[in-house]
Amino acid sequence: NCQLGEEGAAALFEALAQRAGASRLRLLALNLNVLGRRGASALAAATKAGVLDALEELYLNNCQLGEEGAAALFEALAEHAGASRLRKVILSGNVLGGRGA
């Protein structure tokens, strides 16, 4: 927990999205940070931009993604072929609802 918060997460992922293909992150662990819908949507946009193409493991435990945020993230992962390296996604402690599950 680095107390990133929803706005901080959005700023981080929006900045990364501007540098498409520049990231070589293999593991991203943001457990216990309140990303919320806005942070999750920004993560989805970064995924679509190809920033996370090298990502193999994604840990978002207890990040308050919410139903809309989780749905945006899952749609981005499903649509973007570069996300195919992702082997592990951990979302425990998030209320995903019917749309996000």
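Tabulated data
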| read-out | value |
| --- | --- |
| Of residues in the stretch 43-54 being more than 16 Å from G8 (Cβ to Cβ), modelled with pLDDT under 90 and not hydroxyl-bearing (S, T, Y), the one surrounded by the fewest Cβ atoms within 10 Å (Cβ to Cβ) | A54 |
| Complete set of residues in the stretch 72-93 that are among the small types (G, A, S), touching a residue at least 12 places away in the same chain (Cβ under 8 Å) and either part of a helix (DSSP H, G or I) or more than 21 Å from L4 (Cβ to Cβ) (or both) | A72, A76, G82, A83 |
| Sole exception among (1) crowded, with 16+ Cβ neighbours inside 10 Å; (2) in contact with a strand residue (DSSP E or B) (Cβ under 6 Å, 6 or more places away or on another chain) for Q64, by number | (2) |
| Test: G39 is touching an Asp or Glu at 6+ places or on another chain (Cβ under 8 Å) and not hydrophobic (A, V, I, L, M, F, W, C) | yes |
| Candidate set from the stretch 8-42 (those that are closer than 13 Å to Q64 by Cα and assigned to a helix (DSSP H, G or I)); member that is most open to solvent (accessible area, probe 1.4 Å) | R37 |
| Complete set of residues in the stretch 43-71 that are among the aliphatic types (A, V, I, L, M), within 20 Å of G93 (Cα to Cα) and not in a loop (DSSP other than H, G, I, E, B) | L43, A44, L58, A70, A71 |
| Residue tally, condition open to solvent by less than 40 Å² (accessible area, probe 1.4 Å) and either in contact with a His (Cβ under 6 Å, 6 or more places away or on another chain) or over 16 Å from L65 (Cβ atoms) (or both), over the stretch 87-96 | 0 |
| Some residue of the stretch 70-77 being within 20 Å of A10 (Cβ to Cβ), in contact with an Asp or Glu (Cβ under 9 Å, 6 or more places away or on another chain), surrounded by fewer than 20 Cβ atoms within 10 Å (Cβ to Cβ) and modelled with pLDDT of 90 or more | no |
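The values are calculated or read from the model by the stated rules, or taken from the named source; none is laboratory data. Nothing here was measured: the structure is a model prediction, and the numbers come from that model. So basically every Cβ, Gly included, is an ideal-geometry build from the backbone, and we count neighbours across all protein chains shown. Protein only, heavy atoms only, side chains kept; ligands, DNA and RNA dropped before computing areas. Shrake-Rupley method; radii C 1.70, N 1.55, O 1.52, S 1.80 Å.
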